[in-house]
Amino acid sequence: MKMIPTPKSNSRPPELSRRRFLGKTARGVTLAGLFAGLPKGWIGSAFASDAPETSAMNFGMIALTDCSPIVIAHEKGLFKKYGITSTVTKGANWAAIRDNLSTGSIQATHMLIGMPIASTMGLAGSPKKPMIIPWLLNRNGQAITLKSEWKGKVGADPKAIKPLVEQAKKLGEPLSFAMTFPPGTHAMWMRYYLAAGGINPDKDISLIVVPPAQMVSNMRIGKMDGFCVGEPWNTRSIADGIGYTSVSTQDIWQDHPEKVCAFTADFTDKNPKTVKAVLKALHEASVWLDDLNNRPEQCDIVSKPTYINGRLQGHYDYGDGRKKEDEFYMHFSKRNCNYPQPNFCKWFLTQYRRWGLVSGTPDYEGIAKKVMRTDIYEEAMKEIGYDHGGQEESGWTMFDGMAFDPKGDLEAYAKGFAVNNLKG
């Protein structure tokens, strides 16, 4: 039998001895120590997973044209591209949409920009449930419709409505105007419009809540004198011969925010990658939507009736003889559309103050920071290499000449309107 020589004392240790040494040494090394200094998401794997924490998402929407980014992202497989298996569920009204998001039966939703603000604060009958806005779906594109009997009497100036309001009050039959949700955009546009005409919406007329899809039918049977809503319902009233457009909402405030994609704060905290995946898909859908060559297909996919396509391309027929080409038609991506600007939240808070939806001075800065999640938007866009326009510091001037300065005295602005319903 061949003998194996005994190794010399200075010879290299056999491989088995080295493994034992490393194993013994490793017993004193914790995972935390081993991965110290590496990004948190790397622990347990070579690289952090970018996969959404929650892959199955149910999105809420109301039958309005500005739900388009969500519908297009779903129909064209853009949510799927970013790891989201999407379902889109149509809600009966805005209150139902809010409640479904609060309870978790939907995880994200098409919403009026004022709704997450109101829910976070518990305003106007909204249960207090913190919600966030990391994405603005669109700008512009709503309108105020008046009944056809007023053609030739009332054009774009709401001051012409005041004598009609006063006459109706004397008869004990106040005029009726509709919006879709008390702290929502349509309510604020209608209130602002009437007040610019010297009409107090809380004292001089009846301001009622009507779901978008019921606006035209209610005007047809004589239950309202005017309404504010999104498309296609304003154009539908013209097509049916029962109403006409007094002003578009971009006539009131050029490039105003309108709908958002909202999430609860709790869902966002637990699923940050999921939320960012949604935003990435919405970005691609929004860019697609702002190619006017795609607008006919948008109409076919979203709502079928092709008569809304004219307004979606900026061809405005007001229905009373006025026509114009409007460069501020509804858009979904252009002009830094999607950035969740804190200034917009501050303006809505001034109007909630003006109309008594809050008593006393609201926390303008704190609420804007809590609801408008610029950080999530910026992170998501950085990850896909999109160079957005960033946070805007400048203000704007409304159609009645009132200038809003987000860096100025917001409480003074809220109290500076001649027509108001201030409380506290």
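To the nearest 0.05, how large is the calculated FRET efficiency for Glu383 and Glu173 if R₀ is 51 Å and r is the Cβ-Cβ distance? About 0.30, to the nearest 0.05. Between Trp135 and Cys261, the built amide H atoms are under 5 Å apart, and every one of these is 5 or more places off in sequence or on another chain. The orientation-averaged projected area of the convex hull spanned by the Cα atoms of the range 329-424 comes to 7.1 nm².
Remark: the chain carries 45 Å² of accessible area per residue (probe radius 1.4 Å; ligands, DNA and RNA excluded). Calculated [222 nm] ellipticity per residue, helices only, for the chain: -10000 deg cm²/dmol; basis is -39500 (n - 2.57) per DSSP H run with n ≥ 4, divided by all residues, nearest 500. Derived scalar couplings between HN and Hα for the range 323-328 equal 9, 7, 8, 9, 6, 9 Hz in order, rounded to whole Hz, by the Karplus curve 6.51 cos²θ - 1.76 cosθ + 1.60 (θ = phi - 60°), x for Gly and Pro. Surface composition of the range 188-249: carbon plus sulfur atoms contribute 47% of the solvent-accessible area (1.4 Å probe, protein chains only, all chains present).
Converting phi to 3J(HN,Hα) with the Karplus coefficients 6.51, -1.76 and 1.60 and the offset θ = phi - 60°, the range 365-375 yields 5, x, 5, 4, 5, 6, 8, 8, 8, 4, 5 Hz in sequence order, with x at every glycine or proline. Assuming R0 = 30 Å, what is the FRET efficiency of Ala63 and Lys128, from their Cβ-Cβ distance, to the nearest 0.05? Here the calculated transfer efficiency is 0.60. Taking the range 188-222 and a reference point 7 angstrom along Cα→Cβ of Glu166, the backbone N atoms nearer than 20 Å belong to 193-206. Given the range 178-233, report the % of alpha carbon pairs whose separation exceeds 17 Å. That tail contains 31 percent of the Cα-Cα pairs. What net charge do the residues around Glu75 carry, taking every other residue with its C-beta under 12 Å from that of Glu75, with Lys and Arg at +1 and Asp and Glu at -1? Residues close to Glu75 contribute a combined charge of 0.
Model label points for Lys324 and Ala56, set 7 angstrom from Cα along the Cα-to-Cβ axis, are 5.0 nm apart. Each label point was placed 7 Å from the Cα along the Cα-to-Cβ direction; for Asp400 and Thr103 their separation is 3.9 nm. When the alpha carbon gyration tensor of the range 200-330 is reduced to an equivalent ellipsoid, the three semi-axes, largest first, read 30, 22, 14 Å.
Would you list which aspartates and glutamates come within 17 Å of Lys423, measuring only between C-alpha atoms, while excluding same-chain residues fewer than 8 positions from it? Lys423 reaches Asp202, Asp363, Glu411. Comparing Ser217, Ser333, Ser248 in a Gaussian network model of the chain (Cα springs below 10 Å), the most mobile by mean-square fluctuation is Ser217.
The antiparallel fraction among DSSP beta bridges confined to the chain stands at about 60%. Over all other residues within a Cβ to Cβ distance under 15 Å of Gly60, the charged ones net out to +2, with Lys and Arg as +1 and Asp and Glu as -1. Using amide H atoms built 1.01 Å from N in the peptide plane, name the residues 5+ places from Gly243, or on other chains, whose amide H lies under 5 Å from its own. Amide H neighbours of Gly243: Ser148, Ile238.
Mean separation of Cα pairs under 8 Å and 6 or more residues apart, divided by the residue count, gives the chain a relative contact order of 20 percent.
Of the accessible area of the range 137-184, computed with a 1.4 Å probe over protein heavy atoms only, carbon and sulfur atoms account for 52 percent. For the range 228-323, the relative contact order works out to 35 percent when only alpha carbon pairs closer than 8 Å and six or more residues apart are counted.
Among 390-400, 196-206, the peptide with the highest mean count of other Cβ atoms within 10 Å heads the list, and the full ranking is 196-206, 390-400. Here's how it looks for Asn338: its modeled amide H is under 5 Å from none belonging to a residue 5 or more places away or on a different chain. Diagonalising the gyration tensor over the Cα atoms of the chain and scaling each eigenvalue by 5 before taking the square root yields semi-axes of 55, 24, 18 Å, largest first. Split the accessible area of the range 264-403 by element, probe 1.4 Å, and carbon with sulfur accounts for 48%.
The values are calculated or read from the model by the stated rules, or taken from the named source; none is laboratory data. Please read all numbers here as calculations on a predicted model, not as lab measurements. No Cβ is skipped: glycine too gets one built from the backbone with ideal geometry, and neighbour counts run over all protein chains shown. Heavy atoms of the whole protein, side chains included, go into the accessibility calculation; ligands, DNA and RNA do not. Shrake-Rupley method; radii C 1.70, N 1.55, O 1.52, S 1.80 Å.
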